[in-house]
Amino acid sequence: MREAGGYAHITIEEAHAKLWSMESRLGRPSEFGTRVLHGGDNAACEGAFMKGRSASTRLNTCCQQGTAIVIAGNLVEYHFWVASARNPADAPSSVYGIRAGRTAQP
């Protein structure tokens with residue numbers, strides 16, 4: 001669910017990106033039953049996915065969706081945190097973020 005202005009909280013946005021990546025594996029039967037690494041630089045998102053749940057209702061919903069994907073694809077997933085400075089996916093996405101001059105949401 002999107003907030004006013006078209007953006008959800010960054011942790012939820014990161015969780016949706018992770019779910020998109022996980023779900024895309026279901027379209028490739030050759031990846032069923034494989035081990036998968038999913039790294040990210042949002043500690044709250046990574047912690048929730050590592051643990052499999054969250055106190056946040058919206059993040060917990062994402063964790064539940066992730067679990068359904070893991071079961072459907074018979075995947076063995078490993079989630080880990082990586083520093084933003086070492087995350088190769090961080091720079092391209094920052095073109096639209098705070099580092100690009102957009103102000104933080106209230």
Karplus 3J(HN,Hα) series, Hz, for the range 40-56 with 6.51 cos²θ - 1.76 cosθ + 1.60 (x for Gly, Pro): x, 9, 9, 4, 5, 5, 5, x, 5, 5, 5, 7, x, 7, 8, 6, 6
Förster-model FRET efficiency, 25 Å R0, R35 and W81, C-beta, rounded to 0.05: 0.85
Long-range amide H partners of T34 with built H, under 5 Å: V76
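Coordinate-derived values only; no laboratory data. Note that the structure is predicted; figures quoted are calculated from it, not measured. Here the Cβ is made from the backbone with ideal geometry for all residues, glycine too, and neighbour counts use every protein chain on show.
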